[in-house]
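Heads up: the structure comes next, in structure tokens.
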Amino acid sequence: MPATAEEFEARLARTRARMIRNGLDGLVIVDPANLHYLTGYDAWSFYMPQLLFVPLHGDTFLIMREMDAGGAHRTADTMPAERILGYPESLVHQRNVHPFDWACEQLRARGFGKRGRVGYEGEAHFLSVRSFLALQRGMPEWQLVDAHDLVNWVRLVKSPYELDLMRAAGKVASAAMRAGIDAVAGGARLNDIAAAIQFAQATGVEGAEGDYPAIVPMLPAGESADTPHMTFSSRRLDAGETVSIELAGAHRRYHAPLARTLSLGRPEPRLQRIAEVAAEGLQLVLDGLRPGRTVAEVHGLWQSHIAKEGVEKSSRLGYSIGIGYPPDWGERTVSIRGDDQNIIEAGMCLHVIAGMWMSGYGCEISESVAVTEAGAEVLTSAPRELIVKE
């Protein structure tokens, strides 16, 4: 079922409560995940300037390209049409004018040109320098301050409605991983493996339709398995090679990532050992995820384990997840590492990544989890081990 008006009202209320704590009179939102969270809007329009203005008091306004605004009500169905504003096509890709010039005029005409502290999303991928400068020029009365991912932090603890979407995304991820595992074979092209995964991601499973993920399937293979975030090419897998699969299931924009490493044939002893270390450490973390603990305390369980095994991992162990749009499915809030003092709460969702990238080889085993009062609920499903295919 789509989110109710009450769900969106609660999200907006939590956002405004955080605005008050941060001394903000308004908030300019451009991150498509945050637009979706607060309005339900969902379309591939984020490559053009667009924003949601959230005043501390009064109506919110969604401003985007005219051709997109005409249909925005079909997904942002809790917003009246008169609060969805479309800038004219003549402003697209012009040297001397910018769509946010027009946006500022519209906001000023509606009484928002008063002095005040207005937050902007300084880490958002789609706030260009030109967009920011247009805001400064168009609203000189505003004291523009970095809101430091304010809405992302509001999103950190999921509602029961959102948790159901995360569970559905986990089912899609598990099906996509099965498709990827089945497609891995000696002589298989990496792009064909990716195609099998992408078909499963789009199709979904019964009761959980698929959606496009924020990131393409990542398939580091052979010696490049010692490096994360490699994508795919047309090269073929050789017997004896390893390949890591990192993907996400997406369901109505909610993402559940999942990673596994496969060996084509009997693995080298060093790879088998590091896989066992990673799987055992991941289980310790899952067992230790409890509300009330700090993120750093949970990370310490992993750190103690790998230290006893004589190996090191400098990268973080995971991060918070939820709504995702390209180019990322992370929320940019909690990072599972030793310096993160955030308190774990029921309703948080995390991608826990036991990724060990050594020199010339590597193994990645991850799960998406939701934190409950009883502990970690694992949302994804695949053999939690180095998968060997003869």
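Pop out the ³J(HN,Hα) list for the range 34-43 in order, Karplus 6.51 cos²θ - 1.76 cosθ + 1.60 with θ = phi - 60°, rounded to Hz; leave Gly and Pro as x.
6, 4, 5, 4, 8, 10, x, 4, 8, 6
Spelling out what I want: for every residue of the range 76-86, take phi, set θ = phi - 60°, compute 6.51 cos²θ - 1.76 cosθ + 1.60 (Karplus), and round to whole Hz; glycine and proline get x.
Residue by residue, the range 76-86 yields 7, 7, 8, 9, x, 4, 6, 9, 10, 10, x Hz.
Express the relative contact order of the range 137-210 as a whole percentage, based on alpha carbon pairs under 8 Å and six or more residues apart in sequence.
Details: 45 pairs, mean separation 22.8, N = 74.
Over the range 137-210, the number comes to 31 percent.
For the ranges 310-317, 177-184, 135-142, what's the packing order if you count other beta-carbon atoms within 10 Å of each residue, average per peptide, and put the highest first?
Result, highest mean first: 177-184, 135-142, 310-317.
Name the long-range amide H neighbours of Ala376: under 5 Å, sequence gap of 5 or more, or other chain; modelled H, no Pro or chain starts.
Leu289
By the gyration tensor of its Cα atoms, with a ≥ b ≥ c the square roots of the eigenvalues, what is the shape of the range 1-62: rounded for a/c under 1.5, prolate for a/b over b/c, or oblate? Before the final figure, lay out each step's value.
On the way: a/c = 2.24, a/b = 1.23, b/c = 1.83.
Oblate shape, in that a/c is at least 1.5 and b/c is the bigger or equal ratio.
Roughly what would the spin-label model give for Glu373 and Lys114, points 7 Å off Cα along C-beta, in nm?
Once both label points are built, they end up 4.3 nm from each other.
Return the long-range amide H neighbours of Asp340 (sequence gap of 5 or more, or a different chain), with a cut-off of under 5 Å between placed amide H atoms.
Ala296
Compute the length gained on full extension between Glu206 and Glu280: take 0.36 nm times their separation in residues and subtract their Cα-Cα distance, giving the result in nm to one decimal.
Working it through step by step, the gained length comes to 23.4 nm.
Counting pairs of alpha carbon atoms under 8 Å apart in space and at least six apart in sequence, what relative contact order in percent does the range 268-375 give?
Relative CO of the range 268-375 lands at 34 percent.
If I take R0 = 51 Å and measure r between the Cβ atoms of Glu89 and Asp339 in this structure, what FRET efficiency does the formula 1/(1 + (r/R0)^6) give, to the nearest 0.05?
On the way: r = 48 Å, r/R0 = 0.93.
According to the calculation, E is roughly 0.60.
Quick one: which of 301-307, 30-36 comes out on top by average Cβ neighbours within 10 Å, and what's the full order, highest first? Could you put the intermediate results ahead of the total?
Working: 301-307: 17.3, 30-36: 24.7.
Order by mean packing, descending: 30-36, 301-307.
Restricting to bridges with both residues inside the chain, how much of the DSSP beta-bridge set is antiparallel, in percent to the nearest 5?
75 percent
Calculated from DSSP H runs of 4 or more alone, at -39500 (n - 2.57) each and per residue, what is the 222 nm mean residue ellipticity of the chain, nearest 500?
-10500 deg cm²/dmol
Non-local amide H neighbours of Ala188 (under 5 Å, H modeled in plane, Pro and chain starts lacking H): which ones?
Leu237
Using r as the Cβ-Cβ distance of Glu66 and Ala17, and R0 as 35 Å, what FRET efficiency do you calculate, to the nearest 0.05?
0.55
Leaving ligands, DNA and RNA out of it, report the carbon-plus-sulfur percent of the accessible area of the range 224-378 at a 1.4 Å probe. Let's see the in-between values first.
Values: 2760 of 5800 Å².
So the carbon and sulfur contribution to the accessible surface is 48 percent.
Which of Met139, Gly170, Thr60 sits farthest toward the positive end of the charge dipole of the range 59-202, with +1 on the Cβ of Lys and Arg and -1 on the Cβ of Asp and Glu?
Towards the positive end, the residue furthest out is Met139.
So which of Lys313/Lys389; Lys171/Lys308; Lys158/Lys313 end up more than 32 Å apart, counting from Cα to Cα? Before the final figure, lay out each step's value.
Details: Lys313/Lys389 27 Å; Lys171/Lys308 34 Å; Lys158/Lys313 29 Å.
Table pairs above 32 Å Cα-Cα are Lys171/Lys308.
Which whole-number percentage describes the relative contact order of the chain, with Cα contacts under 8 Å and a sequence gap of 6 or more? Before the final figure, lay out the partial values.
Numbers: 859 pairs, mean separation 55.9, N = 390.
Normalised by residue count, the contact order of the chain is 14 percent.
Can you pull the one-decimal nm distance between simple spin-label points at Gln136 and His229, each 7 Å off the Cα toward Cβ?
In this crude spin-label approximation the distance works out to 2.8 nm.
What are the ³J(HN,Hα) couplings of the range 221-235, residue after residue, when phi is run through the Karplus curve with 6.51, -1.76, 1.60 and θ = phi - 60°? Round to Hz, x for glycine and proline.
10, x, 5, 6, 5, 7, 9, x, 6, 6, 9, 9, 9, 8, 5
What is the list of residues in the range 194-237 whose amide nitrogen lies under 13 Å from a point 7 angstrom out from the Cα of Thr75, following Cα to Cβ?
Under cut-off, by backbone N: 211-214.
Based on the mean of other Cβ atoms within 10 Å per residue, sort peptides 324-332, 231-239 so the most packed one is first. Before the final figure, lay out the partial values.
Working: 324-332: 19.9, 231-239: 13.7.
By packing density, highest mean first, the sequence is 324-332, 231-239.
If I stretch the segment between Glu123 and Gln143 completely, what's the gain in nm (0.36 nm per residue apart, minus their alpha carbon distance), one decimal?
Net length gain for the segment: 5.4 nm.
The values are calculated or read from the model by the stated rules, or taken from the named source; none is laboratory data. The structure presented is a predicted model; accordingly, all values stated were derived computationally and were not measured. All Cβ positions, even for glycine, are placed from backbone atoms using ideal geometry, and neighbour counts span all protein chains on display. Just so you know, the surface numbers come from the protein's heavy atoms only, side chains and all, with ligands and any DNA or RNA stripped out. Shrake-Rupley method; radii C 1.70, N 1.55, O 1.52, S 1.80 Å.
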